[in-house]
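Below: one structure, written as structure tokens.
The values are calculated or read from the model by the stated rules, or taken from the named source; none is laboratory data. Remember, it's a predicted structure, so these values are computed and weren't measured experimentally. Cβ placement follows ideal geometry from the backbone for every residue including glycine, while neighbour counts extend to all protein chains displayed. Side chains included, ligands, DNA and RNA excluded: accessible areas come from the protein's heavy atoms. Shrake-Rupley method; radii C 1.70, N 1.55, O 1.52, S 1.80 Å.
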Amino acid sequence: MGPPPVPLGEVMSASRERWKTGIAEFDFVLGGGIVPGSLVLVGGEPGIGKSTLLLQAAAQLEKNGIRTLYVSGEESPDQLRLRADRLGADAHAVHALGETRLESFVAHAAALNAQVVFVDSIQTTYTDELEGAPGNVGQVRECAARMMRFAKDAGPAVILVGHVTKGGGIAGPRTLEHIVDTVLYFEGEATLDHRILRAVKNRFGSVDEIGVFRMTASGLEAVPDPAALFLAGRQTGVSGSAVTALMEGTRPLLVEIQALASKAGFGTPQRVATGFDQRRLAVLLAVLERRGGLPFSDLDVFVNVTGGVRLLEPSTDLAVTAALVSSIHDRPAPADALFLGEVGLGGEIRPVAGIERRLAEASRQGFRRAFLSARSRVRVDGLDLIGLEHIGELARRLAA
């Protein structure tokens, strides 16, 4: 029988300092650094940069005097050395091990007294106590549970790499994400040089926080001003463009939405959306046609969110609507304007959450006016706030 239950007030609070990796965006997403005794799962598509990021983190930890062990079941130590050469001399101090057997690398980690153990990947790891090939449901679940116990009992932090399925989820049983303390997803388009690290679960920090990195010849570099990244290639004075502000955790990001409406060449008009829910686009087009009197029924409509960003929150409705109105009238929206608001089926424009932080970031990035719901009660220095009740008002302003 274990220790008896005690009131929470009598439990001694162990305020353990987090270990900083020295990679600002990585530490930010983790909630301030790596928590000793935690189990972190990092998922992402092949070639997205997971191993590169973690080897860089291991190098920085070693530089700060924190002993690390990098266990790879997919690359030999020779291959890891080649990666380390590309990343710089700092990575040469990391202890590397090519091993897939759980019992073996746990023993090595204990003998080395490693404080942070990187396992690349959970799908290549197996335990002698179970039959079956590495990567099957039983092996993945058991290995993750055993590493959780190792982290909690022995004290090192364990960071696992996880492959993703075609649907974008981490391969293996769903319980894998429930076992670990933190789940991070590494996202990005192969054609773009930036990557996004997103926290979807974090027992030691905020969820939905993101870190932005740029892929370079010498590894991943943290982007110092992520809010400005997605507007870097924006072209002003062109119709069909509008800017909105997303909330990614506690961080506001400004993104450009592009729309193009052109006469349908044949048959049923096309509705194509990249980075935006196609069903939501159909709703907004129906509202614009019925409530705003704009003829989209015989037009092909294309919507694109620049930078590979995906819009998931309804606060971006007004910007999508503004881009569509701008395109159909072939009149550019104001280049210094931000659009924030949810559009209802009656054409009404509704206020959104976290608007003060979004507007403050827009002002910092040089925007001078913002179109938003007339019911929003907010004031921001340096911004002219234009309240709208209905999309008809927006259409009239942009067509003028």
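Annotations
- Residues located in the stretch 297-335, provided they are of a type in the set (D, E, K, R) and open to solvent by 30 Å² or more (accessible area, probe 1.4 Å): Asp298, Arg310, Glu313, Asp330, Arg331
- Unique match (being more than 15 Å from Val161 (Cα to Cα) and either surrounded by 17 or more Cβ atoms within 10 Å (Cβ to Cβ) or among the aliphatic types (A, V, I, L, M) (or both)) among Leu82, Leu41: Leu82
- Index of the failed condition, Thr165 passing every other in (1) touching a helix residue (DSSP H, G or I) at 6+ places or on another chain (Cβ under 9 Å); (2) surrounded by fewer than 18 Cβ atoms within 10 Å (Cβ to Cβ); (3) β-branched (Val, Ile, Thr): (1)
- Only one of the numbered conditions (1) modelled with pLDDT under 85; (2) in a strand (DSSP E or B) is violated by Ala227, and that is (2).
- Residue match in the stretch 223-236 (condition: touching a strand residue (DSSP E or B) at 6+ places or on another chain (Cβ under 9 Å) and within 30 Å of Met147 (Cα to Cα)): no
- Filtered by the rule that a residue be within 12 Å of Leu102 (Cα to Cα), open to solvent by less than 50 Å² (accessible area, probe 1.4 Å) and either part of a loop (DSSP other than H, G, I, E, B) or in contact with a helix residue (DSSP H, G or I) (Cβ under 9 Å, 6 or more places away or on another chain) (or both), the stretch 121-138 gives Ser121, Ile122, Gln123, Thr125, Thr127.
- Flag if Asp381 is open to solvent by 50 Å² or more (accessible area, probe 1.4 Å) and in contact (Cβ under 8 Å) with a residue 40 or more places away in the chain: no
- For the stretch 232-251, the count of residues that are aliphatic (A, V, I, L, M), open to solvent by 30 Å² or more (accessible area, probe 1.4 Å) and either without any contact (Cβ under 8 Å) to a residue 40 or more places away in the chain or part of a helix (DSSP H, G or I) (or both) is at least one.
- Condition check for Leu294: open to solvent by less than 30 Å² (accessible area, probe 1.4 Å), at pLDDT below 95 and of a type in the set (A, V, I, L, M, F, W, C): yes
- With respect to the conditions (1) farther than 21 Å from Leu55 by Cα; (2) in contact with a Gly (Cβ under 6 Å, 6 or more places away or on another chain), Thr124 falls short on a single one, namely (1).
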